[in-house]
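Everything on this sheet refers to the single structure shown next.
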Amino acid sequence: MQQTKVKPIDCLHFINGQFVPSLDGKTFDNINPATEEKLGTVAEGGAAEIELAVQAARKALNGPWKKMTANERIAILRKVGDLILERKEELSVLESLDTGKPTWLSGSIDIPRAAYNFHFFSDYIRTITNEATQMDDVAINYAIRRPVGVIGLINPWNLPLLLMTWKLAPALAAGNTVVMKPAELTPMTATVMAEICRDAGVPDGVVNLVHGFGPNSAGAALTEHPDVNAISFTGETTTGKIIMAAAAKSLKRLSYELGGKNPNVIFADSNLDEVIETTLKSSFINQGEVCLCGSRIYVERSAYEAFLDKFVAKTKELVVGDPFDAKTKVGALISEEHYERVTGYIKLAVEEGGTILHGGKRPAGLEKGYYLEPTIITGLTRDCRVVKEEIFGPVVTVIPFDTEEEVLEQINDTHYGLSASVWTNDLRRAHRVAGQIEAGIVWVNTWFLRDLRTPFGGMKQSGIGREGGVHSFEFYSELTNICIKL
Ligand SMILES: O=C(O)C(=O)/C=C/C=C/O
């Protein structure tokens, strides 16, 4: 493991502008997935800490934050983005220590995008206008926006800072206060983020952070708390169902970005070299631990063998190992539990009649750390669990198809509906196929190309609602229509 000058940190809660331990002093260990060694300790929060955080957030709704003009809020949001960039090296190292992802990835995607999330929404808020409706000469209607109130943000462990700031920036831009519960596996950048908000001038109580677990812990307490008005959650569909049940008691507004089993459809007329270059990313980047990864690859039969030959050859070149080595393309999976889950699916693939064309094993020489070779599986059919269930690891299945109708029927036969990629140089087919895929996001001849003004989110059991641009403000603000009789 290559050493850096940035050292891991112990993580406290951040409540009402102060870093504090749990009231009962409870902590849990933070483990480095690349070495299985202890990084530090994390305060373990529960209902008591959530209560303090929600009280602070409610009080802050009517404090200096409410009195600030949009321009004052915008200046603070810009400063948050600036401070993230100032601490980019530190944040990149901490993110890679927590997640096992290569530092070139956290340094080029996760952290810059976290800053951009703040810079984007600080600009975007200036563009928000409200509607007015004239009712002949009888009345004039106009809508005003106000904050929803206290928002619970429950963030995942795969892109911890990117996804926390994707929610935090618009929530603050719209004037809300928040209580954040980061994933217990990735506490460090969340903790630095609280410090950055304080240093940028966010008033006490506006941003609160409570570490802990989900069930019977901080997560559950946050989703059940009657004084939390809304929850924005990114994570597994099963957890989403649990949160929805807990939030029902106080009828909370929900924004969900859940799981996916995203198709990557490759027609024979596409440019294979271009397809392979991007497909390596959409299959294995971040160890395949991205909700948008194209884990179901469908290739038109006439290009199937040529695709497999090139895809396997290029996959073999991917270096698996030390997240701090610049040559590493695939780091360590997030935890031992997740490693067992992913390797369990590889064993299942063989039982279901699949062929492990490449990978499937722990790389030679890496005895410590949750390392797994990028894995390509063929020979499975649509009714196999490995083809239907989200694995969330560096594992893809490749299936040939003959007609557009056949592949569309197959890719839509799932309860997920998050994203998809389509590769073809036939303009009409690109539009025709993209318009028939049941997903919230369809990329044509690319993947993970993001314009933050666009609607982002999934349909079916991949999510509820959209975030991005005006869609974020639809969720993070309440509209009142005022009707004035003339
Ligand atoms: O790019 C985004 O805004 C985003 O939300 C990415 C989500 C990835 C989830 O694993």
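The values are calculated or read from the model by the stated rules, or taken from the named source; none is laboratory data. Owing to the predicted nature of the structure, the values given are computational and were not obtained by experimental measurement. No Cβ is skipped: glycine too gets one built from the backbone with ideal geometry, and neighbour counts run over all protein chains shown. Side chains are part of the model used for accessible areas, which takes the heavy atoms of the whole protein and leaves out ligands, DNA and RNA. Shrake-Rupley method; radii C 1.70, N 1.55, O 1.52, S 1.80 Å.
Could you please let me know if Val210 is within 28 Å of Asp10 (Cβ to Cβ) and open to solvent by less than 20 Å² (accessible area, probe 1.4 Å)? Considered against the rule, which asks whether it is within 28 Å of Asp10 (Cβ to Cβ) and open to solvent by less than 20 Å² (accessible area, probe 1.4 Å), Val210 comes out as yes.
Looking only at residues of region 442-458 that are in a strand (DSSP E or B) and open to solvent by 30 Å² or more (accessible area, probe 1.4 Å), we find that the one that is farthest from the ligand (Cβ to nearest atom) is Val444.
Number of residues in region 411-431 that are open to solvent by 30 Å² or more (accessible area, probe 1.4 Å), touching a residue at least 40 places away in the same chain (Cβ under 8 Å) and under 13 Å from Phe267 (Cα atoms) equals 3.
Of all the numbered requirements in (1) part of a strand (DSSP E or B); (2) within 16 Å of the ligand (Cβ to nearest atom); (3) touching a helix residue (DSSP H, G or I) at 6+ places or on another chain (Cβ under 8 Å), Ala439 misses one, and that requirement is (1). Yes or no: Glu405 open to solvent by 20 Å² or more (accessible area, probe 1.4 Å), within 25 Å of Thr343 (Cβ to Cβ) and either more than 16 Å from the ligand (Cβ to nearest atom) or not β-branched (Val, Ile, Thr) (or both)? No, not satisfied. Filtered by the rule that a residue be free of Cβ contacts under 8 Å to residues at least 12 places away in the same chain and either of a type in the set (S, T, N, Q) or touching a helix residue (DSSP H, G or I) at 6+ places or on another chain (Cβ under 7 Å) (or both), region 118-132 gives Thr127, Thr129. Taking region 247-271 as the range and being open to solvent by 30 Å² or more (accessible area, probe 1.4 Å), farther than 17 Å from Leu418 by Cβ and in contact with a strand residue (DSSP E or B) (Cβ under 9 Å, 6 or more places away or on another chain) as the test, the residues that pass are Arg253, Ala268, Asp269, Asn271. When region 144-170 is filtered for residues that are more than 14 Å from the ligand (Cβ to nearest atom) and either free of Cβ contacts under 8 Å to residues at least 40 places away in the same chain or open to solvent by less than 10 Å² (accessible area, probe 1.4 Å) (or both), the ones remaining, listed by number, are Gly149, Val150, Ile151, Gly152.
Quick check: anything in region 87-96 open to solvent by 60 Å² or more (accessible area, probe 1.4 Å), over 30 Å from Asn286 (Cα atoms), in contact (Cβ under 8 Å) with a residue 12 or more places away in the chain and assigned by the TED database to the domain that holds Thr129? Scanning region 87-96, I find no residue that is open to solvent by 60 Å² or more (accessible area, probe 1.4 Å), over 30 Å from Asn286 (Cα atoms), in contact (Cβ under 8 Å) with a residue 12 or more places away in the chain and assigned by the TED database to the domain that holds Thr129, so the answer is no.
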